[in-house]
Amino acid sequence: MITIVSGKGSPGATTTLAALAAGWPAPVLLADCDPAGGDLATGWLGQWIVDGAIRSDIGVLSHATATRHATSGDPGTLAEHVQAAPPARHVGLVAGLNTPGQHAAVGSPGWTRLTVALAAFETAQGFPADALVDVGRYGPLTPWPLLLAADLVLVAVRPTQRHVLAARSMLTELGERIAPDRLGLAVCASTSAATREVRAALGREIAIEMPTDARGAAVFSDGLDAGALPRRSPLLRSARRAARRLHGTYHTYTPAELRAPAPPTLASLIGGGSR
Ligand SMILES: Nc1ncnc2c1ncn2[C@@H]1O[C@H](COP(=O)(O)OP(=O)(O)O)[C@@H](O)[C@H]1O
Ligand SMILES: [Mg+2]
């Protein structure tokens, strides 16, 4: 589970995470957990909401409502609240809240149940799926369970003084509860020279660097070109490289092994039927 959080001024957290999901080399859940209301379904996938191919009422809120009597997260409960992203079928969207007011209906227990379900999620073929989580702008409503359970928390930052200063105070607070090796930076709309400066100023490892690419970014933030993947764009190329590297960091198996047919089950070897 990788969770991204942003500071003031929209550095590009949502765009970066959506591009990372599109470039992910294996099945992946893209969970829109911004308590102020989600941007993924209405942004990147907006065309599909208009078409009715994606429903904005299936996702975080429907999961919280359906599991409200459960005491802890049950991994089996999430599948009905995940929708395939039409431009990238390996991406399972957990659509976000439609209005800021809806966060109260999820609440801390709802975020906790979602965290457990995301961590344990498996595809219909029984393979583990990774989860990329957007918690929006850091603040009093930040859903902490999704930060505390993450293998990696990314702070999104642009290489400008204003963003770097905002990130610095956020890193101090996050660092009180998250170990340094699980806290990294996603530098958005950057160059390698600018990224080096951000790294020096914040004293943190850079987990992701995204180039400045307004056109590629507009696909993921605003659904330009009906959300069709900008395959040759600098943004998606960088996202693919970062996704492969991150996937390799957290898994001992390769994406190709994941796609290999599952080994025969005992039931299939002895003739299937129920006994
Ligand atoms: N790498 C990038 N290059 C150019 N523009 C970008 C890049 N990443 C994001 N943007 C733009 O920045 C704006 C804010 O992005 P968004 O992802 O919504 O920010 P956040 O989620 O941090 O609030 C959008 O208009 C988006 O297209
Ligand atoms: Mg956002």
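The values are calculated or read from the model by the stated rules, or taken from the named source; none is laboratory data. Model, not experiment: these values are computed from the prediction. Cβ: placed from backbone, ideal geometry, glycine included. Neighbour counts: every protein chain shown.
Name the residue, out of G59, G96, G9, G46, that is in contact with a Leu (Cβ under 9 Å, 6 or more places away or on another chain), within 16 Å of ligand 1 (Cβ to nearest atom) and in contact (Cβ under 8 Å) with a residue 24 or more places away in the chain. Walk me through it before giving the result.
Values: G59 fails: within 16 Å of ligand 1 (Cβ to nearest atom); G9 fails: in contact with a Leu (Cβ under 9 Å, 6 or more places away or on another chain); G46 fails: in contact with a Leu (Cβ under 9 Å, 6 or more places away or on another chain).
Only one candidate passes the filter, namely G96.
Give me the pairs, please: first residue somewhere in the stretch 25-41 and on the phi < 0 side of the Ramachandran plot and free of Cβ contacts under 8 Å to residues at least 60 places away in the same chain, second residue anywhere and part of a loop (DSSP other than H, G, I, E, B) and within 9 Å of ligand 2 (Cβ to nearest atom), beta-carbon distance under 6 Å, and either six or more positions apart or on two chains.
Close Cβ pairs satisfying both conditions: none exist.
If only one of A36, A88 is closer than 26 Å to R158 by Cα and among the hydrophobic types (A, V, I, L, M, F, W, C), which one is it?
Matching residue, one of A36, A88: A36.
Residues in the stretch 95-107: is at least one outside any helix (DSSP H, G or I), away from ligand 2 (no atom under 16 Å from the Cβ) and surrounded by 14 or more Cβ atoms within 10 Å (Cβ to Cβ)?
So far as the stretch 95-107 goes, no, none of its residues is outside any helix (DSSP H, G or I), away from ligand 2 (no atom under 16 Å from the Cβ) and surrounded by 14 or more Cβ atoms within 10 Å (Cβ to Cβ).
List, please: which pairs have Cβ atoms under 8 Å, are six or more places apart or on different chains, and start with a residue in the stretch 194-223 that is farther than 17 Å from R245 by Cβ and end with one that is of a type in the set (D, E, K, R) and within 16 Å of ligand 2 (Cβ to nearest atom)?
S221/D39
Hey, does the stretch 255-268 have a residue that's closer than 30 Å to W144 by Cα, at pLDDT 95 or above, surrounded by fewer than 20 Cβ atoms within 10 Å (Cβ to Cβ) and not aromatic (F, W, Y)?
No - not one qualifying residue is present in the stretch 255-268.
Being aliphatic (A, V, I, L, M), more than 13 Å from ligand 2 (Cβ to nearest atom), out of contact with any Pro (no Cβ under 8 Å at 6 or more places or on another chain) and touching a residue at least 12 places away in the same chain (Cβ under 8 Å) narrows it down to one of A84, A53, A88, so name that one.
A88
Report the residue count in the stretch 226-237 for those that are within 10 Å of ligand 1 (Cβ to nearest atom) and touching a residue at least 60 places away in the same chain (Cβ under 8 Å).
Residues in the stretch 226-237 being within 10 Å of ligand 1 (Cβ to nearest atom) and touching a residue at least 60 places away in the same chain (Cβ under 8 Å): 1 in total.
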